[in-house]
Structures are given as C-alpha cells and as structure tokens.
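Report on one structure; see the data block that follows.
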Amino acid sequence: PTALAVLVDEDTRSAAELFAAAVRAQGGTVVGQTTFGKRSAQSLVPLRAAPNYAVRMTTARTVDATGADVDGMGVAPDLAAGTPSSALDELLLRRGAFFDFATYFDRLNPGLDDAKVETVLSRDGAKLWRSFVKSWNGGIDDDDALPDYPSSVQTAAARAAQK
C-alpha cells in the first residue's frame, strides 16, 4: 500500500475539498488547515420560454466519500500545518514587500555567504525590517506601476503608499 497525503488550506473548496475527503476515506492523511466548507453545487438552467435568461439552482449538496455533509464545516486536517495568514500578510505579499525586502537585504549585505544569511537575520532581522518599511514605497514604482492612469492618479497613489 502507498501512503498518500493531501495539503489543504482555508481556500480549498469544491472538487479539491471533496478529493481531500476521499483521500482520508481511503486511508490517506489530510494536512494543513480546515477547508472552505462549500455547501452546495449550483447550475444555471436556461429558460426555454425566455431566451437569454436562466435560473441558478442548487443541484447537489456537498458530502464527503462517507456521505457526511461538509455543509459549511469543511474538512478538518488530520495533521495541522501552517497558520492562516493575516490580512496584513496578504497585503504585503500582494504588494511584493517580501521580495523587495530580500532585495533590500541583499543590497545591504553584498556578497554575504548564503550560510550566514540566517545568522544575520536572526540577529538583526527586526531592525532591518523596520528600516526597510520606513523606506519602502508600498510596492508602487513611480515609473511603471500605473501606466494606464493619468499622472495625477499615479502621483496620488505614490503619495498614499508612502503614508
């Protein structure tokens, strides 16, 4: 027998969520965070009497491989892993802050051996992060972040990003 594990998080839904439940039912392991908990599947049913119109109908309930209703509860992991990210983490990720910090760190430490990076970050990481955040432009590059918008919008966005 081959062991199978599936990694899930709070955004795992629909068929992926049912797949995770099926893996568990077959003796596999669900690792991560509780899934979304999608309640039902819906279909658009065209109306013959009214062309270009349709009705959205619930056509299936979400149950796992054992027949248990997933109804809003999701599939809980057998082994919890990771932590849900905060809204701030998501914003920083979308704006490229972590990549920009790595570039900032590299500029401050040219030629630093990879084996020493962790040591420097453990010792000075919080101070370096604070310094980076003070100088960071919020992920808005003046020259190409909003190329399709008028210069007044670009200027306002850059100003807001620095606050």
Quickly work out the Asp69-to-Asn137 label distance, labels modelled 7 Å from Cα along the C-beta direction, and quote it in nm with one decimal.
5.4 nm
Neighbours of Val63 by Cβ distance under 15 Å: Lys/Arg at +1, Asp/Glu at -1, summed charge +1
Where does each of 109-117, 24-32 land if you order them by average Cβ count within 10 Å, highest first?
24-32, 109-117
Spin-label pair Thr119/Arg107, simplified geometry with 7 Å Cα→Cβ offset, distance in nm
2.6 nm
Sorted by mean Cβ packing within 10 Å, highest first, what order do the peptides 122-130, 44-52 take?
122-130, 44-52
Could you calculate the contour length gain from Asp89 to Thr58, that is, 0.36 nm times the residue separation minus the distance between their Cα atoms, to one decimal place in nm?
7.7 nm
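No value in this document is a laboratory result; all are computed from the given coordinates. Keep in mind that what you see is a predicted model, and the values were worked out from it rather than measured. Positions of Cβ are backbone-derived with ideal geometry, glycine not excepted, and every protein chain shown enters the neighbour counts.
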